[in-house]
Amino acid sequence: MKLTIYDTLERKKREFEPKNPERVTLYVCGPTVYNYAHIGNARPVVVFDVLYRLLRHIYGEQHVVYARNITDVDDKINKKAMDEGVDISVITNKFADIYNADMASLNALPPTYQPRATDHMPDMVAMIEKLIERQAAYVTDDGEVLFRVADYDAGSGRYGKLSGRSLDDMIAGARVEVAENKDDAADFVLWKPSKPGEPVWPGPRNPETGEVLPGRPGWHIECSAMSEAVLTLPIDIHGGGQDLIFPHHTNEIAQSCATHGHDDPAAYARYWMHNGFLDMSGEKMSKSLGNVVLVHDLTQQYPGEVIRWALLSGHYRSPLNWTTELLEQSRKELDYLYGILLRHENVVAWAPSDEQTREKRESVLLSSLLDDLNISDAKARLFNLKGDEGIDLAHKLEHLANPNVDRTADAAEVAPTAASLVKHDLLLLAKVLGILQKDPEVWFKGGASDDLTGKVEALLVARTEARGAKNWAEADRIRDELNALNIEVMDSPAGATWKIKAGV
């Protein structure tokens, strides 16, 4: 199977070729843990979880190594800790646990590694000292260490290659002020003194005095040091949101390449992927507008899988407009798929007998995702008449497995095999997309007590008998009773199924 991805660095789709197929590496910038994650923070997690699942399917689970860091050194963390009178670890441990639980509720697989900045201070210090030694960084009179951007760029334009902008344009766009301690406006912080009351670590040595500089790292050096420590260089794929292209990822490349004397930015990461922004009903999400939506709160209103499915609407590189209507549509789509699986739970999914047959079928099935994670087209295979023989997978399974559909004798004989093939396809595509991971009955009835389940099942039997006797008044009465119990009935040719209504 050949995967192509849009490489931000080269501004084109490229066929993905890992440096070592036995150890495919993926690094994605993770959260700063001082508060609950908002829904925009969840989009890269879900997008790159699909990529992670796809890579594991192509190369084997044991051959893909995924790192997603945690930033636990930050001004906002320090402020919250000081306001509450606790150590920063109390804040960071609490919100790291909440973050991981929230992302797991969205069916995001845990990364192989989740490095924390506080665990990699020696790696950062060693990298900074090497940059100072190479004269790619300098120590200021007030104890800061700054990276020499102009020297790294040297008029070549490589500093701006990832963003596609010149050094002057980036500095103007970022509205960087020329501080007195900077040699150049573009220079950025690698290490800085801690303020009173903030955590302090022993830093790099001042080459002129030999003294250790106490303080804390800058943001950008953290990912450069952590990614190299847990994955080694070059990383195959580095990912994150489009907002990280400049300055964060731009500075990561500069630091790492300057540390090792590389001219080619691909020496740090061979492919760069960035997901698009998320808007709130057409507006940017912000505290000032009062439209910040927290994942933790959403999971109290919707199943995590519904939130995941909504986040996978549209192409990952395009903006996504987040609305209640999107969530409700996502719920309906998942109900539709789970309903089909529930009605045909006795159909055994096909299991390929040889590798060649499996890969041939699955390369076609996964072709949309292999094309730069074209999730929209993959969804179409489930819903919009894009599957084999011009029919979507879900509808085809319903047709083949439905005993009430008229068939010739020959068709009836091959139907079980055909239905098994389609169920295999549907479940595999769903697995890579990270949906349909629950038992269908649990999906619909997981919140129902044994008493409620027994009562509903008895009412459905009575309703079926009333409909069979054409006693429509009794059938309607039973439906009203079910409605009063907050039960929604879903009729199909294969029979009636039910679920607890949304929000109940």
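Considering the stretch 353-379 alone, what residues qualify as being open to solvent by 50 Å² or more (accessible area, probe 1.4 Å) and assigned to a loop (DSSP other than H, G, I, E, B)?
Result: Ser353, Asp354.
Of the residues in the stretch 482-491, how many are surrounded by 15 or more Cβ atoms within 10 Å (Cβ to Cβ) and part of a helix (DSSP H, G or I)?
1
Taking the options Asp102, Asp97, Asp83, name whichever one is open to solvent by less than 40 Å² (accessible area, probe 1.4 Å), of a type in the set (Asp, Glu) and assigned to a helix (DSSP H, G or I).
The conditions single out Asp102.
Which of the residues spanning the stretch 318-352 are assigned to a loop (DSSP other than H, G, I, E, B), in contact with a helix residue (DSSP H, G or I) (Cβ under 8 Å, 6 or more places away or on another chain) and either on the phi > 0 side of the Ramachandran plot or surrounded by 13 or more Cβ atoms within 10 Å (Cβ to Cβ) (or both)?
His344, Glu345, Val347, Ala349, Trp350, Pro352
Taking the residues in the stretch 274-289 that are part of a strand (DSSP E or B) and modelled with pLDDT of 95 or more as candidates, determine which candidate is nearest to Gly157 (Cα to Cα).
His274
Touching an Asp or Glu at 6+ places or on another chain (Cβ under 9 Å), hydrophobic (A, V, I, L, M, F, W, C) and outside any helix (DSSP H, G or I): is that true of Ile91 in this structure?
no
Name the residues in the stretch 180-201 that are part of a loop (DSSP other than H, G, I, E, B) and under 18 Å from Asp151 (Cα atoms), would you? If you could, list the steps in order and put the result at the bottom.
Keep residues of the stretch 180-201 that are part of a loop (DSSP other than H, G, I, E, B), which gives 180-187, 193-200.
Hits for the stretch 180-201 are Asn181, Lys182, Asp183, Asp184, Ala185, Ala186, Asp187.
Leu51 - would you say it is in a helix (DSSP H, G or I) and within 21 Å of the chain's Cα centre (by Cα)?
yes
So that you can scan it fast, the table gives a plain yes or no per residue for (1) in contact (Cβ under 8 Å) with a residue 12 or more places away in the chain; (2) crowded, with 22+ Cβ neighbours inside 10 Å; (3) in a helix (DSSP H, G or I); (4) in contact with a strand residue (DSSP E or B) (Cβ under 6 Å, 6 or more places away or on another chain):
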| residue | (1), (2), (3), (4) |
| --- | --- |
| Gly203 | yes, yes, no, yes |
| Ile221 | yes, yes, yes, yes |
| Ser224 | yes, yes, yes, no |
| Glu252 | yes, yes, yes, no |
| His262 | no, no, no, no |
| Trp272 | yes, yes, no, yes |
| Asn291 | no, no, no, yes |
| His296 | yes, no, yes, no |
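Kindly list the number of the only condition in (1) surrounded by 18 or more Cβ atoms within 10 Å (Cβ to Cβ); (2) part of a loop (DSSP other than H, G, I, E, B); (3) without any contact (Cβ under 8 Å) to a residue 24 or more places away in the chain that fails for Asn20.
(1)
May I ask you to list the residues in the stretch 61-75 that are within 24 Å of the chain's Cα centre (by Cα), farther than 25 Å from Glu17 by Cβ and surrounded by fewer than 20 Cβ atoms within 10 Å (Cβ to Cβ)?
Asp74
Determine which member of the set Pro247, Pro217, Pro207 is on the phi < 0 side of the Ramachandran plot, open to solvent by less than 10 Å² (accessible area, probe 1.4 Å) and not acidic (Asp, Glu).
Pro217
Kindly evaluate Asp87 against the criterion of being more than 18 Å from Leu294 (Cβ to Cβ) and at pLDDT below 95.
Against the criterion (more than 18 Å from Leu294 (Cβ to Cβ) and at pLDDT below 95), Asp87 does not qualify.
The values are calculated or read from the model by the stated rules, or taken from the named source; none is laboratory data. Predicted, not measured: the structure shown is a model, and the values here were computed from it. Here Cβ is always computed from backbone atoms with ideal geometry, including for glycine, and neighbour counts include all displayed protein chains. Side chains are part of the model used for accessible areas, which takes the heavy atoms of the whole protein and leaves out ligands, DNA and RNA. Shrake-Rupley method; radii C 1.70, N 1.55, O 1.52, S 1.80 Å.
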